[in-house]
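Notes follow the structure.
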Amino acid sequence: MPQQPTDIALAVLDMAGTTIADDGLVVRAFEAAATAAGLPAAGEERDRARRYVLDTMGQSKIEVFRALFGTEERAATANTAFEEAYARFVDEGGLMPIPGAAEAISRLRGEGVLVALTTGFSRGTQDRILAALGWETLADLTLAPAEAGRGRPYPDLVLTALLRLRVDDVAAVAVAGDTAGDMLCGRRAGARIVAGVRTGAHDAATLREAGATHVLDTIAELPALLRPA
């Protein structure tokens, strides 16, 4: 049986796929990164790399590229190309909030729950996304992997949010995301609630297998889970 929600003081929420719909922009930006790193435009090697990117959605992008390309130079080249491509897509208006996401965050904060927005992107890309949506002050805290130490699936983002926002107990934390990495991150951090959402990269079965305590259709359902009537 899943743990029952109670006394949640902090909600740590993923961005792309959870609170923001990016319409496949991560995969499109990966294609630019793979080309910059020297992968053939088509074939088995490219397909394997694309599959790995999909499987590791939500994780720190530079770490994904280090695992894919083997050398720091190739990883850095890929990461730069990825960031430039994703920034271009953001500037072209390719991002939209998940319906009800901003309202859910505002409701949580209005009910006394602190909210942190986390990402696998760099701080520069995260800030660009927040600015494009007008979300610069929507949450109490925003965090990128380099500011926490390690990205998902490690627990650092959640634990850093807890420390910075001076929350007393990991059992007062809820985590929500759309990927297995989000679920592992929340579980490893000891969060009471680890909620998967079905608006992003991974399906309900994958989220449950990775440790989700709850699976929601959308982040808009989170306030009712954390603060039931």
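The values are calculated or read from the model by the stated rules, or taken from the named source; none is laboratory data. Everything numeric in this text was worked out from a predicted model, so none of it was measured. In this analysis, Cβ positions are derived from the backbone assuming ideal geometry, glycine residues included, and neighbour counts consider all displayed protein chains. Note: areas computed on protein heavy atoms with side chains; ligands, DNA, RNA excluded. Shrake-Rupley method; radii C 1.70, N 1.55, O 1.52, S 1.80 Å.
Of R188, R152, R208, all but one fail to be among the basic types (K, R) and in contact (Cβ under 8 Å) with a residue 40 or more places away in the chain; the exception is R152. Among the residues of region 32-54, those that are without any contact (Cβ under 8 Å) to a residue 40 or more places away in the chain and under 23 Å from T179 (Cα atoms) comprise R46, D47, R48, A49, R50, R51, Y52, V53.
The criterion of being touching an Asp or Glu at 6+ places or on another chain (Cβ under 6 Å), under 23 Å from A9 (Cβ atoms) and of a type outside the set (D, E, K, R) does not hold for A144. Scanning region 166-199 for residues that are buried (at least 21 other Cβ atoms within 10 Å of the Cβ), farther than 18 Å from L226 by Cα and in contact with a Ser or Thr (Cβ under 6 Å, 6 or more places away or on another chain) returns a single hit, A180.
Can you tell me which residue in region 148-165 is surrounded by the fewest Cβ atoms within 10 Å (Cβ to Cβ), limited to those that are at pLDDT 95 or above and out of contact with any Gly (no Cβ under 8 Å at 6 or more places or on another chain)? Steps first, answer last, please.
We begin by selecting, within region 148-165, every residue at pLDDT 95 or above; these are 155-165.
Next, from what is left, pick out any that are out of contact with any Gly (no Cβ under 8 Å at 6 or more places or on another chain): 159, 161-165.
On the way: L159: 20, A161: 28, L162: 24, L163: 10, R164: 15, L165: 16.
Filtering first and then ranking leaves L163.
When residues of region 203-217 are filtered for being open to solvent by less than 40 Å² (accessible area, probe 1.4 Å), more than 18 Å from Y154 (Cβ to Cβ) and in a loop (DSSP other than H, G, I, E, B), how many remain? So the answer is 1. Annotation: of all residues in region 218-229 being open to solvent by 40 Å² or more (accessible area, probe 1.4 Å) and of a type outside the set (D, E, K, R), the one that is modelled with the lowest pLDDT is A229. Report yes if some residue within region 87-99 is open to solvent by 50 Å² or more (accessible area, probe 1.4 Å) and within 23 Å of Y154 (Cβ to Cβ); otherwise report no. No, region 87-99 contains no residue that is open to solvent by 50 Å² or more (accessible area, probe 1.4 Å) and within 23 Å of Y154 (Cβ to Cβ).
The residues of region 74-112 that are in a helix (DSSP H, G or I) and without any contact (Cβ under 8 Å) to a residue 12 or more places away in the chain, listed by number, are R88, G110.
Residue-level check: of (1) assigned to a loop (DSSP other than H, G, I, E, B); (2) touching a residue at least 40 places away in the same chain (Cβ under 8 Å); (3) buried (at least 16 other Cβ atoms within 10 Å of the Cβ), V115 misses just (1).
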